[in-house]
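Below is one structure, written out as C-alpha coordinates, with a few remarks after it.
The values are calculated or read from the model by the stated rules, or taken from the named source; none is laboratory data. Note that the structure is a prediction, hence the values are computed from the model and not measured. When we count neighbours, we look across all protein chains shown, and the Cβ atoms used for this are built from the backbone with ideal geometry, even at glycine. With ligands, DNA and RNA removed, areas are computed over all heavy atoms of the protein, side chains included. Shrake-Rupley method; radii C 1.70, N 1.55, O 1.52, S 1.80 Å.
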Amino acid sequence: MKLWLRRIHLGLALISGLFLLIVSLTGAVMIYAKDIRHFIQPDKWQVIPQPRTLNNQKLIESVQTQTQQKIVFFMPEQNKALAWQFRLANKHYVSVNPYSGKIIHSYQTTDTIYGFALGLHRWLLFEDSDGKKPFKNWMSVCALLLLINVLIGFYLWIKPKNRIKRLAIKPKAKFRVLMYQLHTVLGVYFFIPLVLIAFTGMAFNWKTQTQSVLEFVTFNKVEQRPKAPKIIAPSQADINYNEAIRNAGDVFPDGRLFRIYLPKKADDAIALRIQNLGESHAYSWVWVNPFTGKVLNSFDASKANFTTQAWNFKYKFHIGDFAGPIVQFIWLLIALSLAFFIVSGVYFWLKRHKRK
(Lines give C-alpha, C1' and ligand atoms only; values in the text may rest on other atoms or scores of the structure.)
Protein backbone atom coordinates (compact mmCIF):
# COMPACT_ATOMS: atom_id res chain seq x y z
CA MET A 1 0.00 0.00 0.00
CA LYS A 2 2.87 2.35 0.84
CA LEU A 3 4.27 1.92 -2.68
CA TRP A 4 0.91 2.77 -4.26
CA LEU A 5 0.48 5.81 -2.06
CA ARG A 6 3.92 7.05 -3.12
CA ARG A 7 2.95 6.58 -6.76
CA ILE A 8 -0.34 8.42 -6.24
CA HIS A 9 1.52 11.17 -4.34
CA LEU A 10 3.92 11.61 -7.26
CA GLY A 11 1.24 11.23 -9.94
CA LEU A 12 -0.99 13.96 -8.47
CA ALA A 13 2.04 16.26 -8.24
CA LEU A 14 2.90 15.67 -11.89
CA ILE A 15 -0.70 16.28 -13.03
CA SER A 16 -1.09 19.56 -11.17
CA GLY A 17 2.55 20.56 -10.77
CA LEU A 18 2.78 23.31 -13.38
CA PHE A 19 -0.40 24.99 -12.17
CA LEU A 20 0.55 24.69 -8.50
CA LEU A 21 3.91 26.22 -9.36
CA ILE A 22 1.99 29.21 -10.76
CA VAL A 23 -0.19 29.28 -7.64
CA SER A 24 2.90 29.18 -5.44
CA LEU A 25 4.76 32.05 -7.11
CA THR A 26 1.73 34.29 -7.63
CA GLY A 27 0.55 33.65 -4.07
CA ALA A 28 3.96 34.74 -2.80
CA VAL A 29 3.86 37.90 -4.94
CA MET A 30 0.35 38.83 -3.82
CA ILE A 31 1.34 38.94 -0.15
CA TYR A 32 3.45 42.04 -0.74
CA ALA A 33 2.17 43.19 -4.15
CA LYS A 34 0.36 46.30 -2.89
CA ASP A 35 3.37 47.35 -0.83
CA ILE A 36 5.59 46.86 -3.87
CA ARG A 37 3.43 48.98 -6.15
CA HIS A 38 3.27 51.78 -3.57
CA PHE A 39 7.06 51.69 -3.38
CA ILE A 40 7.88 51.60 -7.10
CA GLN A 41 5.02 53.85 -8.31
CA PRO A 42 4.28 56.27 -5.45
CA ASP A 43 2.93 58.93 -7.83
CA LYS A 44 0.05 56.62 -8.84
CA TRP A 45 -0.98 55.37 -5.41
CA GLN A 46 0.09 57.92 -2.82
CA VAL A 47 -0.90 61.51 -2.11
CA ILE A 48 0.21 64.33 0.16
CA PRO A 49 -2.08 64.35 3.21
CA GLN A 50 -4.23 67.45 3.71
CA PRO A 51 -6.41 68.57 6.68
CA ARG A 52 -9.56 67.08 5.14
CA THR A 53 -10.82 65.30 2.03
CA LEU A 54 -13.49 66.60 -0.33
CA ASN A 55 -16.99 65.70 0.78
CA ASN A 56 -18.44 62.61 -0.90
CA GLN A 57 -20.79 64.59 -3.12
CA LYS A 58 -18.01 66.68 -4.68
CA LEU A 59 -15.65 63.74 -4.93
CA ILE A 60 -18.17 61.53 -6.72
CA GLU A 61 -19.23 64.32 -9.08
CA SER A 62 -15.59 65.16 -9.84
CA VAL A 63 -14.67 61.59 -10.77
CA GLN A 64 -17.80 61.08 -12.87
CA THR A 65 -17.20 64.37 -14.71
CA GLN A 66 -13.59 63.51 -15.48
CA THR A 67 -14.30 59.95 -16.61
CA GLN A 68 -17.77 60.41 -18.12
CA GLN A 69 -18.59 57.12 -16.39
CA LYS A 70 -20.83 56.14 -13.49
CA ILE A 71 -19.09 54.92 -10.36
CA VAL A 72 -19.86 51.38 -9.25
CA PHE A 73 -18.04 51.63 -5.92
CA PHE A 74 -15.14 53.37 -4.25
CA MET A 75 -12.82 52.56 -1.37
CA PRO A 76 -11.98 55.24 1.20
CA GLU A 77 -8.56 54.76 2.82
CA GLN A 78 -7.75 54.94 6.51
CA ASN A 79 -4.17 55.84 5.63
CA LYS A 80 -4.26 59.55 4.74
CA ALA A 81 -1.26 59.19 2.43
CA LEU A 82 -3.00 56.76 0.09
CA ALA A 83 -5.16 57.57 -2.93
CA TRP A 84 -8.72 56.27 -3.06
CA GLN A 85 -9.66 53.65 -5.65
CA PHE A 86 -12.84 53.96 -7.75
CA ARG A 87 -14.42 51.22 -9.89
CA LEU A 88 -16.22 52.56 -12.98
CA ALA A 89 -19.11 51.16 -14.98
CA ASN A 90 -16.76 50.32 -17.88
CA LYS A 91 -14.81 47.99 -15.50
CA HIS A 92 -11.84 50.33 -15.33
CA TYR A 93 -10.42 51.72 -12.10
CA VAL A 94 -9.11 55.16 -11.27
CA SER A 95 -6.79 56.20 -8.47
CA VAL A 96 -7.99 59.52 -7.08
CA ASN A 97 -6.54 62.18 -4.83
CA PRO A 98 -9.34 62.51 -2.22
CA TYR A 99 -8.24 66.03 -1.26
CA SER A 100 -8.55 67.51 -4.76
CA GLY A 101 -10.71 65.02 -6.62
CA LYS A 102 -8.04 64.77 -9.33
CA ILE A 103 -7.51 61.42 -11.06
CA ILE A 104 -3.84 60.46 -10.82
CA HIS A 105 -3.98 57.06 -12.50
CA SER A 106 -6.39 55.07 -14.68
CA TYR A 107 -5.99 51.31 -15.01
CA GLN A 108 -7.54 47.89 -15.39
CA THR A 109 -7.18 45.26 -12.69
CA THR A 110 -4.56 43.21 -14.50
CA ASP A 111 -2.43 46.31 -15.13
CA THR A 112 -1.29 46.22 -11.50
CA ILE A 113 1.13 43.75 -9.92
CA TYR A 114 -1.54 42.54 -7.52
CA GLY A 115 -4.28 42.31 -10.16
CA PHE A 116 -2.06 40.43 -12.62
CA ALA A 117 -0.91 37.98 -9.95
CA LEU A 118 -4.50 37.50 -8.74
CA GLY A 119 -5.81 36.82 -12.25
CA LEU A 120 -3.05 34.30 -12.91
CA HIS A 121 -3.52 32.74 -9.48
CA ARG A 122 -7.26 32.19 -9.75
CA TRP A 123 -8.19 31.84 -13.43
CA LEU A 124 -4.91 31.86 -15.43
CA LEU A 125 -5.83 35.31 -16.81
CA PHE A 126 -8.18 33.72 -19.35
CA GLU A 127 -11.61 35.24 -19.83
CA ASP A 128 -13.92 34.30 -22.73
CA SER A 129 -16.08 36.62 -24.81
CA ASP A 130 -18.97 36.24 -22.33
CA GLY A 131 -16.81 37.36 -19.43
CA LYS A 132 -16.64 33.87 -17.92
CA LYS A 133 -13.45 32.42 -16.45
CA PRO A 134 -13.48 28.69 -17.32
CA PHE A 135 -10.08 27.94 -15.76
CA LYS A 136 -11.35 28.89 -12.29
CA ASN A 137 -12.67 25.35 -11.91
CA TRP A 138 -9.38 23.81 -12.98
CA MET A 139 -7.47 25.89 -10.44
CA SER A 140 -9.91 24.69 -7.78
CA VAL A 141 -9.30 21.11 -8.91
CA CYS A 142 -5.57 21.71 -8.49
CA ALA A 143 -6.19 23.04 -4.98
CA LEU A 144 -8.16 19.86 -4.22
CA LEU A 145 -5.33 17.70 -5.59
CA LEU A 146 -2.92 19.65 -3.39
CA LEU A 147 -5.07 19.02 -0.32
CA ILE A 148 -5.21 15.28 -1.09
CA ASN A 149 -1.48 15.16 -1.76
CA VAL A 150 -0.63 16.91 1.50
CA LEU A 151 -2.76 14.39 3.41
CA ILE A 152 -1.06 11.48 1.61
CA GLY A 153 2.37 12.96 2.29
CA PHE A 154 1.57 13.36 5.97
CA TYR A 155 0.35 9.76 6.16
CA LEU A 156 3.55 8.51 4.52
CA TRP A 157 5.52 10.33 7.21
CA ILE A 158 3.46 9.34 10.23
CA LYS A 159 2.86 5.66 9.39
CA PRO A 160 6.40 4.19 9.80
CA LYS A 161 8.30 4.18 13.09
CA ASN A 162 10.99 6.71 14.05
CA ARG A 163 8.92 9.52 12.57
CA ILE A 164 10.47 12.12 14.91
CA LYS A 165 14.00 11.14 13.89
CA ARG A 166 12.98 11.63 10.27
CA LEU A 167 12.37 15.32 11.00
CA ALA A 168 16.10 15.92 11.22
CA ILE A 169 17.91 17.83 8.47
CA LYS A 170 21.56 17.00 7.85
CA PRO A 171 23.16 19.86 5.92
CA LYS A 172 26.21 17.74 5.01
CA ALA A 173 24.17 14.93 3.50
CA LYS A 174 24.23 14.19 -0.22
CA PHE A 175 22.14 16.55 -2.31
CA ARG A 176 19.42 13.99 -3.05
CA VAL A 177 19.18 13.01 0.63
CA LEU A 178 19.11 16.66 1.70
CA MET A 179 16.32 17.42 -0.78
CA TYR A 180 14.32 14.48 0.54
CA GLN A 181 14.81 15.59 4.15
CA LEU A 182 13.71 19.15 3.35
CA HIS A 183 10.72 17.82 1.38
CA THR A 184 9.62 15.74 4.37
CA VAL A 185 10.33 18.23 7.14
CA LEU A 186 8.72 21.23 5.44
CA GLY A 187 5.72 19.08 4.50
CA VAL A 188 5.18 18.10 8.13
CA TYR A 189 5.74 21.57 9.58
CA PHE A 190 3.44 23.23 7.04
CA PHE A 191 0.88 20.41 7.00
CA ILE A 192 -2.00 22.17 8.78
CA PRO A 193 -1.67 25.61 7.10
CA LEU A 194 -1.27 23.97 3.67
CA VAL A 195 -4.46 21.94 4.14
CA LEU A 196 -6.40 25.02 5.26
CA ILE A 197 -4.91 27.26 2.56
CA ALA A 198 -5.88 24.71 -0.11
CA PHE A 199 -9.39 24.41 1.34
CA THR A 200 -9.93 28.17 1.56
CA GLY A 201 -8.58 28.50 -1.98
CA MET A 202 -11.30 26.15 -3.21
CA ALA A 203 -13.88 28.15 -1.23
CA PHE A 204 -13.46 31.20 -3.49
CA ASN A 205 -14.93 29.24 -6.40
CA TRP A 206 -16.69 26.21 -4.92
CA LYS A 207 -18.60 28.14 -2.28
CA THR A 208 -21.58 25.82 -1.89
CA GLN A 209 -19.48 22.67 -1.51
CA THR A 210 -16.88 24.09 0.89
CA GLN A 211 -19.53 25.87 2.94
CA SER A 212 -21.37 22.57 3.33
CA VAL A 213 -18.17 20.95 4.60
CA LEU A 214 -17.70 23.72 7.17
CA GLU A 215 -21.33 23.48 8.30
CA PHE A 216 -20.99 19.70 8.66
CA VAL A 217 -17.83 20.02 10.77
CA THR A 218 -19.16 22.81 13.02
CA PHE A 219 -22.76 21.51 13.31
CA ASN A 220 -24.22 24.89 12.39
CA LYS A 221 -25.21 27.04 9.43
CA VAL A 222 -23.55 30.04 7.85
CA GLU A 223 -25.81 33.07 8.32
CA GLN A 224 -26.59 34.89 5.10
CA ARG A 225 -26.78 38.66 5.02
CA PRO A 226 -30.16 40.17 4.05
CA LYS A 227 -30.88 41.00 0.43
CA ALA A 228 -30.27 44.60 -0.52
CA PRO A 229 -33.54 46.55 -0.18
CA LYS A 230 -35.07 48.33 -3.15
CA ILE A 231 -36.38 51.90 -3.24
CA ILE A 232 -38.90 53.91 -5.22
CA ALA A 233 -36.98 56.70 -6.89
CA PRO A 234 -38.77 60.08 -6.87
CA SER A 235 -39.36 61.68 -10.26
CA GLN A 236 -37.73 65.03 -9.45
CA ALA A 237 -35.08 64.65 -6.80
CA ASP A 238 -31.30 64.53 -6.78
CA ILE A 239 -29.19 62.01 -4.92
CA ASN A 240 -27.80 63.43 -1.71
CA TYR A 241 -24.61 61.41 -1.30
CA ASN A 242 -23.35 63.35 1.71
CA GLU A 243 -26.41 62.85 3.89
CA ALA A 244 -26.98 59.26 2.78
CA ILE A 245 -23.39 58.14 3.46
CA ARG A 246 -23.22 60.10 6.72
CA ASN A 247 -26.44 58.52 8.04
CA ALA A 248 -25.29 55.06 7.01
CA GLY A 249 -21.95 55.58 8.74
CA ASP A 250 -23.73 56.48 11.98
CA VAL A 251 -25.19 52.96 12.23
CA PHE A 252 -21.79 51.45 13.10
CA PRO A 253 -19.78 54.47 14.31
CA ASP A 254 -16.87 52.34 15.52
CA GLY A 255 -16.63 50.35 12.29
CA ARG A 256 -14.03 50.85 9.55
CA LEU A 257 -15.55 51.88 6.24
CA PHE A 258 -14.24 49.55 3.56
CA ARG A 259 -16.27 50.17 0.42
CA ILE A 260 -19.23 52.28 -0.76
CA TYR A 261 -21.44 50.91 -3.53
CA LEU A 262 -23.41 53.49 -5.50
CA PRO A 263 -26.76 52.71 -7.18
CA LYS A 264 -26.54 50.96 -10.55
CA LYS A 265 -30.29 51.16 -11.17
CA ALA A 266 -32.98 53.66 -10.26
CA ASP A 267 -34.36 51.42 -7.49
CA ASP A 268 -31.00 50.55 -5.93
CA ALA A 269 -29.94 51.78 -2.49
CA ILE A 270 -26.47 52.99 -1.53
CA ALA A 271 -24.64 50.17 0.27
CA LEU A 272 -21.79 50.58 2.73
CA ARG A 273 -19.55 47.63 3.52
CA ILE A 274 -18.04 48.01 6.98
CA GLN A 275 -15.62 46.11 9.18
CA ASN A 276 -16.90 46.12 12.74
CA LEU A 277 -14.84 45.35 15.83
CA GLY A 278 -14.31 41.62 16.10
CA GLU A 279 -14.46 41.00 12.36
CA SER A 280 -11.50 39.68 10.38
CA HIS A 281 -12.69 41.56 7.28
CA ALA A 282 -15.52 43.86 6.24
CA TYR A 283 -18.68 41.73 6.21
CA SER A 284 -21.14 44.12 7.89
CA TRP A 285 -23.48 46.16 5.70
CA VAL A 286 -25.72 49.22 5.80
CA TRP A 287 -28.23 50.16 3.10
CA VAL A 288 -29.56 53.70 2.79
CA ASN A 289 -31.97 55.55 0.50
CA PRO A 290 -29.80 57.83 -1.70
CA PHE A 291 -32.55 60.45 -2.05
CA THR A 292 -33.89 60.74 1.51
CA GLY A 293 -30.84 59.56 3.45
CA LYS A 294 -33.02 57.13 5.41
CA VAL A 295 -31.31 53.96 6.63
CA LEU A 296 -33.22 51.00 5.16
CA ASN A 297 -31.50 48.01 6.75
CA SER A 298 -28.23 46.86 8.30
CA PHE A 299 -26.37 43.65 9.05
CA ASP A 300 -23.83 43.32 11.86
CA ALA A 301 -21.63 40.35 10.91
CA SER A 302 -19.61 40.69 14.13
CA LYS A 303 -22.59 39.19 16.01
CA ALA A 304 -22.90 36.18 13.70
CA ASN A 305 -22.41 32.62 14.98
CA PHE A 306 -19.05 30.81 15.04
CA THR A 307 -19.64 29.01 11.75
CA THR A 308 -20.29 32.32 9.98
CA GLN A 309 -17.23 33.91 11.59
CA ALA A 310 -15.08 30.97 10.48
CA TRP A 311 -16.48 31.20 6.95
CA ASN A 312 -15.82 34.93 6.81
CA PHE A 313 -12.26 34.36 8.06
CA LYS A 314 -11.30 32.33 4.97
CA TYR A 315 -10.10 35.31 2.92
CA LYS A 316 -7.80 36.78 5.56
CA PHE A 317 -6.47 33.34 6.45
CA HIS A 318 -5.78 32.43 2.83
CA ILE A 319 -3.62 35.51 2.27
CA GLY A 320 -2.03 35.49 5.74
CA ASP A 321 -3.28 38.97 6.57
CA PHE A 322 -4.59 38.42 10.09
CA ALA A 323 -1.78 38.68 12.65
CA GLY A 324 0.82 41.15 11.47
CA PRO A 325 4.04 41.01 9.46
CA ILE A 326 5.44 37.87 11.10
CA VAL A 327 2.50 35.75 9.93
CA GLN A 328 2.71 37.37 6.49
CA PHE A 329 6.35 36.30 6.25
CA ILE A 330 5.46 32.75 7.35
CA TRP A 331 2.78 32.68 4.65
CA LEU A 332 5.42 33.79 2.13
CA LEU A 333 7.57 30.82 3.15
CA ILE A 334 4.58 28.48 2.90
CA ALA A 335 3.76 29.79 -0.59
CA LEU A 336 7.34 29.32 -1.76
CA SER A 337 7.53 25.88 -0.10
CA LEU A 338 4.82 24.71 -2.49
CA ALA A 339 7.14 25.51 -5.40
CA PHE A 340 9.91 23.58 -3.62
CA PHE A 341 7.64 20.54 -3.16
CA ILE A 342 6.84 20.51 -6.89
CA VAL A 343 10.44 21.00 -8.02
CA SER A 344 11.85 18.43 -5.57
CA GLY A 345 9.09 15.94 -6.44
CA VAL A 346 9.93 16.21 -10.14
CA TYR A 347 13.62 15.86 -9.24
CA PHE A 348 12.95 12.59 -7.37
CA TRP A 349 10.89 11.30 -10.30
CA LEU A 350 13.63 12.10 -12.81
CA LYS A 351 16.27 10.46 -10.62
CA ARG A 352 14.17 7.34 -10.25
CA HIS A 353 13.58 7.06 -14.00
CA LYS A 354 17.24 7.74 -14.75
CA ARG A 355 18.27 4.73 -12.67
CA LYS A 356 15.86 2.57 -14.65
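For region 225-356, the percent of C-alpha pairs falling in each 5 Å distance bin, counted from 0 to the bin holding the largest distance, reads 2, 10, 15, 14, 11, 10, 9, 7, 6, 5, 4, 3, 2, 2, 1, 0, 0. K136 contributes about 60 Å² of solvent-accessible surface, heavy atoms of the protein only, 1.4 Å probe. Ligands, DNA and RNA excluded, the heavy atoms of K70 present near 130 Å² of accessible surface to a 1.4 Å solvent probe. Taking all protein chains together and rolling a 1.4 Å probe, Y189 ends up with roughly 140 Å² accessible. Put the Cα centre of region 148-174 next to the Cα centre of region 291-313 and the gap is 45 Å.
Please list the helices of the chain that count as membrane-span-like by this rule: a mean Kyte-Doolittle hydropathy of at least -1.0 together with Cα atoms stretching 24 Å or more along the helix axis, each helix being a complete DSSP H run. Mind showing how you got there, number by number?
On the way: long enough: 2-40 (50 Å, 1.17); 135-158 (34 Å, 1.72); 325-355 (45 Å, 1.10).
Helices meeting the span and hydropathy rule in the chain are 2-40, 135-158, 325-355.
Extension gain, K2 to K227: 0.36 nm times the residue separation minus the Cα-Cα distance gives 75.9 nm.
Can you put S337, S235 in order of accessible area, largest first, using a 1.4 Å probe? Don't jump to the answer; show the numbers that get you there.
Numbers: S337 5, S235 120 Å².
Sorted descending by solvent-accessible area, the residues read S235, S337.
Charge dipole (Cα centre; +1 on Lys/Arg Cβ, -1 on Asp/Glu Cβ; no other charges) of the chain amounts to roughly 2440 debye.
Between region 222-239 and region 50-98, the alpha-carbon centres lie 22 Å apart. Listed by chain and number, the lysines whose alpha-carbon sits under 20 Å from that of K264, ignoring those within fewer than 8 places in the same chain, are K58, K70, K91, K227, K230, K294. Taking all protein chains together and a 1.4 Å probe, the residues R7, R166, R37 rank R7, R166, R37 from largest to smallest accessible area.
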